[in-house]
Amino acid sequence: MFDTLLIANRGEIACRIARTARRMGMRTVAVYSDADRDALHVSVCDTAVRIGPPEAARSYLDAAAIVAAARASGAQAIHPGYGFLSESLALIEACEAAGIAFVGPSREAIRRMGSKIESKRIALAAGVPVVPGYHGDAQDEATLVEAAAAIGYPVLIKASAGGGGKGMRVVRSPVEFALALATVRREAQAAFGDDRVLLERYLTLPRHLEVQLLGDKHGHLVHLFERECSIQRNHQKVIEEAPAPHLAPELRDALLQHALTMGRAIGYDSTGTIEFIHDSHTGESFFLEMNTRLQVEHPVTELTVGMDLVEWQLRVAAGEALAFTQADIAQSGCAIEARVCAENPAAGFAPEIGRLIRYEEPSGPGIRVDSGVRTGSEVSLFYDSMLAKVIAHSADREGAARRLVHALERTVVQGVHSNLEFLADLVRHPHFAQVLSTNYIAQAFPQGWAPRPEGELMRVAAALHGVLARQAAAGPSPWQSLGAWRLPTAAKPEGTRVLLQNAAGQIVQAQVWPEGEFWCVQLDQSVAPDQPPGQGEGEGPSEGEGAATYRVQARWTPDALELRSDDAFVRYVVAQQKGEQGEQLWLTGAGITRAWHCVDRWQRALRGAAGAHEHSGNHLRAPMPGMVTQVPAQVGAQVQAGEVLVQMEAMKMVHTLSAPAPGRVAEVRCRAGDAVRGGDVLVVLETEENA
């Protein structure tokens, strides 16, 4: 076995690999880019080596830099994790030249399965069915257009070297084909360095099923049963589980045998996953692709078969034979995994960047968290938005789902928005008990997902927290030193005015004053964003239109606020930060997280008047934080509706900003290479409507 292991990855998978390596007695070496100097995976390893600038192409995708770090640190093996160089022939060749073991399958297995085109040819030769489509070498547009017509619309264009949902577009008519093809090719080239594509018949009610394989270098190969990965958004997995529910025994047996057939066809000798797509309309199942690496969703398999896949990856790479046969492996219970990402589902799932001012993980029986962050971690625009995976295991699916929802509601992510609430709603939805498909999210939320109302008590807490925090900052306070419920002793009897703005831009006005052993909080939600201020701070409370008054007891610390009313008790985890938009307050409680800005109304009115013109439809804004890659727009140029003006990359995806109507380019506020924030104005157009 190896003495020293270099982990050529970052985030949660690097931390997860390090955990197993340490348990096995290995010294661990992390690598990091400049953006990850203070990242969690750096601190959990025994030592760390810098490999380059923040851009992945110049750091985590630099095979020479990875191998140089391994040689400098004395590592005998490199574990690539998933993504980045995990299926890279360049890394394997560099490892071989340096005499360093690559923790993964053989070069030939990766080569043959690395192309979706070739992998489908191998499947057909082995008698494994594949989705009808085009897998040819000719890549000119005319050939692809003809092939799409022969397949029949809708068709799916896929990057041949793709994965993780990147480089995929559904095309529903011939007029959409050329633009979709160009987009897929750009995205494939950016993400994988290979713009070749294949075409497949698009299945309208599919399930995404996969089988975990494990082989060694002595010819032994076993399956570790199947997983259900049908709950997806934009072809990216959101919820995964094992075993797959509502699966007929004969279908399960067929998938397991097809997976073993594929593994044997290429002499597979590590962990890997055979992915299938099942047509719920026809009952047909097709080979989709093989991932010759560890999968993001591997924990659900580990929890149901009682095996550490990373440990067996390392043992196999060191030359050990599997210590068990197929007959020794059995599933136990059900495990469900949710991917926690830094994104805002209420704003079209836009990825977010920033610093985590508070991060807390759930724990308890049957709960596992694989995380790559901690309080203080920076979420960067250079990498994937996934922060952690929350996994629940129980004796049955219903119990695992309950545990997972409870765990998600106890997870705290503050400083950036996350998809925690969305994930919990996916699993608690009544549709979750039914047969799943990749259309699950659209079926569960036909009008689109929307966050639950935060409730009046959370608004009361937001208003009251600021008053108590200021009171504590004024001097020694019993709120900080004593744990019991206390009477307010230093509050102004005339009350304090508070003005808050939530992430949706809604303004809530409140007045706070003490009354005996209670705090009184009057909420007035009729305040418009541009309304001039009425009573100033220090003036007495008044009942306005739409106002409601709440009487609560409160216990406050800088990290938490507990409220008790006549009919409710709730505890909120609290964090504050100061930024460009002023002071921001984050509250998490009852499975909901909300961010509030403390607003000065006069300043808001002036800012709103000055920037009102920038909210018109002729301003093209960055949909999310990212890097500008191309700027075809030129000042003074006449453009047509749909013409691409800016292209940018964010969280490994390519996004294009197009002209919404014919017009003239009045301003270009970005250049290729610029890092931009979500909402930044990139191009200003003059159209007939706003000329």
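The values are calculated or read from the model by the stated rules, or taken from the named source; none is laboratory data. This is a predicted model, so every value here is computed, not measured. Cβ placement follows ideal geometry from the backbone for every residue including glycine, while neighbour counts extend to all protein chains displayed. With ligands, DNA and RNA removed, areas are computed over all heavy atoms of the protein, side chains included. Shrake-Rupley method; radii C 1.70, N 1.55, O 1.52, S 1.80 Å.
Here are the numbers for the structure shown:
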item: Solvent-accessible area per residue, Å², over the chain with all protein chains present [probe radius 1.4 Å]; result: 40
item: Segment Ala395-Thr325, length gained on full extension (0.36 nm per residue, minus Cα span); result: 22.8 nm
item: Rg/Rg_ref, the range 15-96, where Rg_ref = 2.2 N^0.38 Å and atoms are Cα; result: 1.02
item: Contact order normalised by residue count of the chain, Cα under 8 Å, 6+ apart, percent; result: 9
item: Gain upon complete extension [Met627, Ala318; 0.36 nm per residue less C-alpha separation]; result: 107.2 nm
item: Theoretical gain in end-to-end length, Arg71 to Asp46 [0.36 nm per residue, Cα-Cα removed]; result: 7.4 nm
item: Total charge dipole magnitude, the chain, about the Cα centre, Cβ charges on Lys, Arg, Asp, Glu only, Debye to nearest 20; result: 920
item: Heavy-atom SASA rank of Thr438, Thr375, Thr301 (probe 1.4 Å, accessible area, largest first); result: Thr375, Thr438, Thr301
item: Cα pair distances in the range 315-438, grouped into 5 Å bins until the bin that holds the longest one, percent each; result: 2, 10, 17, 18, 15, 13, 10, 8, 5, 1
item: Relative packing of 356-363, 383-390, which averages over residues the other C-beta atoms within 10 Å, highest first; result: 383-390, 356-363
item: Per-residue HN-Hα couplings for the range 640-647 [Karplus 6.51, -1.76, 1.60; θ = phi - 60°; Hz; x = Gly/Pro]; result: 9, 4, x, 5, 6, 10, 9, 10
item: Computed FRET value (nearest 0.05) for Arg37 with Arg264, which takes r as the C-beta separation and R₀ as 51 Å; result: 0.70
item: Label-point gap, in nm, between Ala97 and Ala138 - each point 7 angstrom along Cα→Cβ; result: 3.8
item: Cα-based Rg / Dmax (Å) for the chain; result: 27.5, 83
item: Space enclosed by the convex hull of the alpha-carbon atoms of the range 1-59, per residue, Å³; result: 69
item: Whole-Å semi-axes of the range 154-193's equivalent ellipsoid (Cα gyration tensor); result: 18, 10, 6
item: Pairs from Lys120/Lys217; Lys116/Lys217; Lys217/Lys237 whose Cα-Cα separation, in the structure shown, is over 29 Å; result: Lys217/Lys237
item: Length-normalised contact order of the range 6-127 in % [C-alpha pairs under 8 Å, at least 6 apart]; result: 22
item: Nearest 10 degrees, 0 to 90: helix 456-473 Cα axis against the chain principal axis; result: 70
item: Heavy-atom accessible surface of the chain: percent carbon and sulfur, 1.4 Å; result: 50
item: Acute angle (nearest 10 degrees) that the helix 63-73 long axis makes with the longest principal axis of the chain, alpha-carbon atoms; result: 80
item: Kirkwood-type radius of the range 134-177, with distances r between different C-alpha atoms, in Å; result: 11.0
item: Label-point separation in nm, Arg111 to Ala548, each point 7 Å along Cα→Cβ; result: 6.9
item: Helical mean residue ellipticity (222 nm; -39500 (n - 2.57) per DSSP H run of 4+; nearest 500) of the chain; result: -8000 deg cm²/dmol
item: Label point at Arg664 placed 7 Å out along Cα→Cβ; residues across the range 622-644 whose backbone nitrogen lies under 12 Å; result: 635-639
item: Globularity ratio of the range 154-275, using Cα Rg and 2.2 N^0.38 Å; result: 1.21
item: Packing-based ranking, highest mean first, of 507-516, 10-19, 448-457 given that Cβ atoms within 10 Å are counted; result: 10-19, 507-516, 448-457
item: Relative contact order of the range 350-455, defined on C-alpha pairs under 8 angstrom at six or more residues apart (%); result: 26
item: Euclidean distance between Cα centres, the range 219-271 to the range 1-79, Å; result: 29
